[in-house]
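Chemist: I have a structure I would like to understand better, so I am pasting it below and will then ask my questions one at a time.
Each reported figure results from applying straightforward, stated rules to the coordinates on display, with no laboratory input. What you are looking at is a predicted structure, and each value in this text was computed from that prediction instead of being measured. Heads up, the Cβs are rebuilt from the backbone with ideal geometry, glycines too, and the neighbour counts pull from every protein chain shown.
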Amino acid sequence: MEEIKIPKRISTALLNSITSGVTPRLGIEHIAVGRKREIETLLGDLENIGQGGSVFRFIVGRYGSGKSFLLQIIRTYAIERGYIVADADLSPERKLTGGNGAGLATYRELLGNMSSKVRPDGGALPALLDKWIDNIRIDLISGGFPETEIPAKMEQRILLDIAATEELVHGYDFSKVLQAYWRGFNSGDDNLKNAAMKWLRGEYATKADANSELGVRAIITDETWFDYMKLISAFVSMVGHKGFVMLLDEGVNLYKISNTISRNNNYEKLLNMFNDAMQGKVRGLGAYMCGTPQFVEDMRRGLFSYEALRTRLAGSRFLKEGMQDMQGPLMYLEKLTHEEMFVLLGRVSALHRAHYGYGETVSEEELIAFMQIVANRLGADELLTPREVLRDFVSILNYIHQNPGHSFISMIGGDDLLKRMPANSGETDENEEGEEAEAVEFTL
């Protein structure tokens, strides 16, 4: 089996995530398997975003199918390629709008989790602003301008950069806040810099407070927060990044809103966001939302209950079951094949072995036996997900590591299990009623 070298910090995070059934945020590339078509589509999206295009996609799959995992793959690939990424999980407190600050709470979560190559764990916005100003200064110094002329030249360049955002909705106030940040940076006034960051994070409660401290007459609200995400997207592209990627997980929380009016308000907000991205009204923005099939297709409470969304998201009537347009707004996740699941288990086994520093304890034959037990359970194709399989698998590895007297094969069914496995994976066996039962096929 393959051996891997991975820092302890990352292997700890990966194993803790798998054991607790949550999506890893670090080191996900070490266990990524399959999803070739989906990843090719998403990499194509990044290329288009880098050219100034925009996209909005829904990643659809049932619980534990790998939606959040795919989001984290997008996040990793985007950060590595020079994009700015912001992600947030929707919840009862964080929605798209809500009247009680639920939309603003989502905006604040996105800003807090804003990440870049130099700040992969969030909090990238202040660093992004400082780097923008420093780069202008370095460029002017390299251009041979005398030190005495640098501040005035920097002011001109900064105002020129900021002017590109003023044509967008709320762009004037956004530009004034960036100017305030520059003045604080240039004069060493941390209070002014902090006030600008407070405004950008959506933390001003009243317009009067913002006006007294920054001279702006607008604040970021439940109704306007996505307009400011579009401004931030335009800004990050303007200062040299390839684009801006926004990831929203747990879209099913919109489906769970019990009040019909409130739920439809959120769907209306989602429609506006979708339209802006797909009509090219925003530059260099990629937006992705995860949800279950029920969240999308339920005609009573799901996205399809909102006619304007249904007409935009519904697939072609000419695509039969099993066909998927990978460029459409809905990306349905197919199940991992048995072969892909086998590779995934092998990687997780190697990860566990490298983390705890022991010799090989699980053979390929034992992995196949485990897979056949999983795949031949009643309804396994419908009921088991990668999350559940991996959690069971790592729990077994943990137990036999803690209790050396137990073997993997004894934990899953006894030492005679391997003897009862078909010699040829394509053979058939008979069940208790004398009927032929097809064995699971593996191509290793």
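Chemist: Exactly which GluC sites (Glu not before Pro) in the range 190-293 are in a DSSP loop and have at most 13 other Cβ atoms within 10 Å?
Modeler: Within the range 190-293, the qualifying GluC sites (Glu not before Pro) (loop, at most 13 other Cβ atoms within 10 Å) are GLU223.
Chemist: Shifting gears a bit: Loop-only check: which GluC sites (Glu not before Pro) in the range 110-199 are DSSP coil with at most 16 other Cβ within 10 angstrom?
Modeler: GLU166, GLU167
Chemist: Under a cut-off of 30 Å between alpha-carbon atoms, report the lysines in cross-link reach of LYS242, not counting same-chain residues fewer than 8 places apart.
Modeler: Once the sequence-local lysines are set aside, what remains near LYS242 is LYS36, LYS67, LYS95, LYS117, LYS131, LYS153, LYS176, LYS193, LYS198, LYS230, LYS269, LYS281.
Chemist: Once you put a point 7 Å from the Cα of ASN259 and another 7 Å from the Cα of SER363, both along the Cβ direction, what distance in nm separates them?
Modeler: Distance between label points: 6.3 nm.
Chemist: Taking the chain as the reference, fit the longest principal axis to its C-alpha atoms, fit the long axis of helix 150-163 to the helix C-alpha atoms, and give the angle between the two in degrees, 0 to 90, nearest 10.
Modeler: 60
Chemist: Pulled fully out, how much extra length does the chain show between VAL118 and ILE141, if you take 0.36 nm times their separation in residues and subtract their Cα-Cα distance?
Modeler: That works out to 5.9 nm of additional length.
Chemist: Also, quick follow-up: Measure nothing but the geometry: give the 0 to 90° angle between the long axis through the Cα atoms of 260-278 and the longest principal axis through the Cα atoms of the chain, rounded to 10°.
Modeler: Compared with the principal axis, the helix lies near 80 degrees.
Chemist: Now a separate question. Pulled fully out, how much extra length does the chain show between GLU155 and TYR332, if you take 0.36 nm times their separation in residues and subtract their Cα-Cα distance?
Modeler: So the chain would gain 58.8 nm between GLU155 and TYR332.
Chemist: Taking the chain as a Gaussian network, where each spring joins two C-alpha atoms under 10 Å apart, which residue of PRO92, PRO24, PRO146 fluctuates the most?
Modeler: Highest fluctuation of the listed residues: PRO146.
Chemist: Rounded to the nearest 10 degrees, what's the angle between the helix 102-112 long axis and the longest principal axis of the chain, both from Cα atoms, 0 to 90?
Modeler: 90
Chemist: Between beta-carbons, use under 12 Å as the cut-off and find the net charge around HIS170, counting Lys and Arg +1, Asp and Glu -1.
Modeler: Taking every Cβ under 12 Å from that of HIS170, the sum is -2.
Chemist: For n ≥ 4 DSSP H runs only, could you compute -39500 (n - 2.57) per run for the chain, divide by its residues and tell me the 222 nm figure to the nearest 500?
Modeler: Computed mean residue ellipticity for the chain: -16000 deg cm²/dmol.
Chemist: Out of all DSSP beta bridges with both ends in the chain, state the antiparallel percent to the nearest 5.
Modeler: Looking only at bridges with both residues in the chain, the antiparallel portion is about 15 percent.
Chemist: Give me the dipole magnitude in Debye, nearest 20, for the chain about the Cα centre, with unit charges on the beta carbon: positive for Lys and Arg, negative for Asp and Glu.
Modeler: Its charge dipole is roughly 1920 debye.
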